[in-house]
Amino acid sequence: MKLAAAVDVYLMYRRAMGQRFDSPSVALRAFSRRYGNRSLQGITSSEVKQFLDVPQTGPATWRRKYGVLRDFFVYCRCRGKVNAVPMPLAAPKYTQTFVPYIYSRRELRLLLDAVPRCQRRSTCRTSEITLRALLLFLYGTGMRMGEALRLRLVDVDLDRAVITIRGTKFYKSRLVPLGADVVQVLQRYLATPGRWNQHYRPLFQSRQHKRLGHSTVDANFRRLCILAGVRRSDTSSRQPRLHDLRHTFAVHRLTEWYKTGANVQLLLPALSTYLGHVDLHSTQCYLTMTPELLAEANRRFQDYVYGGRHEQ
């Protein structure tokens, strides 16, 4: 059996299981383009490693592709298509040095204040009102940008203050309750003159009433950060990202819980579920320590040690 044919069968199988499988299919298609005419049985571990070790491939991307190919060959072995799984022995070990950017409340205000200057041209696909609503929505819900951009009007129930997210990152749906402030933001946004509010329309629309694309929103946000003067002061090569609003939501929520004396350990699983994570470890990656969070955690520890306020 040729590798290309095996990849086609595997992709059909995964999608028949109800999975979108978009990102893994990109890696498998690239692997198929490289070795597709070869016999599946003849693929060697050194060839797999050559595919994984292409220049400018970061450790995280390497490990992701490694997992995709491993699962593919395990599937083939279970069905008798190959005698062994031709994978390199192990993925390279690396230390994660990237730290997400946590926006201060002052920086969030600077970003919102700069929106009119950023979107003043009528040729911008994203209007000022839409970009502002999207920023407030992402910060107020901690939602992934892709989830927010895929929302349709039918997914939004402002009377019950809840949003339905369908087919998320892990191929499941979930309900996301909304705070009163977020509900007000959406109510004002949906009342904007000229919007097309049919139930099948996207929640966040371009000026042409189409769904906004990732690249368009990312380009707008990069321009917005420059106008607002929001940038990293450390040596990181990555400037503040739109996705960092999700990290900021988690950190600010945790900080508020510490300030109010809430039982953080008890509430962390709720935060994990709200964010759509499959386990607490995924949530811990978002809880970057900031001076404010560190101060609140230290105050809680002192309260505990010296007999102050501490809820069990």
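Values quoted throughout were computed directly from the atomic coordinates according to the rules given, and no laboratory measurement underlies them. This structure is a prediction, so every number in the text was calculated from the model and none was measured. Note that each Cβ is placed from the backbone with ideal geometry, even for glycine, and that neighbours are counted across all protein chains shown.
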Sequence gap at least 6, Cα distance under 8 Å: using those rules, report the relative contact order of the stretch 105-228 to the nearest whole percent.
34
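Could the peptides 40-51, 141-152, 244-255 be put in order, highest first, of the mean number of other beta-carbon atoms found within 10 Å of their residues?
Details: 40-51: 15.0, 141-152: 18.6, 244-255: 21.5.
Highest mean packing first, the order is 244-255, 141-152, 40-51.
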Give me C78, C124 ranked fewest to most by other Cβ atoms within 10 Å of their Cβ, as a rough exposure proxy.
C78, C124
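Kindly put K81, K65 in sequence by how many other C-beta atoms sit within 10 Å of each C-beta, fewest to most. Before the final figure, lay out the partial values.
Working: K81 15, K65 23.
Listed from fewest to most nearby Cβ atoms, that is K81, K65.
Just how large is the dipole of the stretch 199-277 about the Cα centre, in debye to the nearest 20, putting +1 at every Lys and Arg Cβ and -1 at every Asp and Glu Cβ? Mind dumping the intermediate values first?
Values: 13 positive and 4 negative charges, 86 e Å.
My answer is approximately 420 debye.
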Counting sequence-distant residues (5 or more places) and residues on other chains, those with an amide H built under 5 Å from that of K2 are L40
Which one, F137, A228, V176, is farthest towards the positive end of the dipole of the stretch 101-256 when Lys and Arg carry +1 and Asp and Glu -1 on their Cβ?
A228
Within the stretch 21-47: backbone nitrogen closer than 15 Å to the N83 label point (7 Å, Cα to C-beta):
40-45
At a Förster radius of 25 Å, what calculated FRET efficiency corresponds to the Cβ-Cβ distance of A30 and R241, to the nearest 0.05?
0.50
For S104, put the label point 7 Å out on the Cα→Cβ axis and report which residues of the stretch 211-235 keep their amide N under 15 Å from it.
229-234
Taking placed amide H atoms and a strict 5 Å upper bound, the residues 5 or more places from R152 or on another chain that come that close are L203
Please order W196, W62 by the number of other Cβ within 10 Å, starting at the fewest.
W196, W62
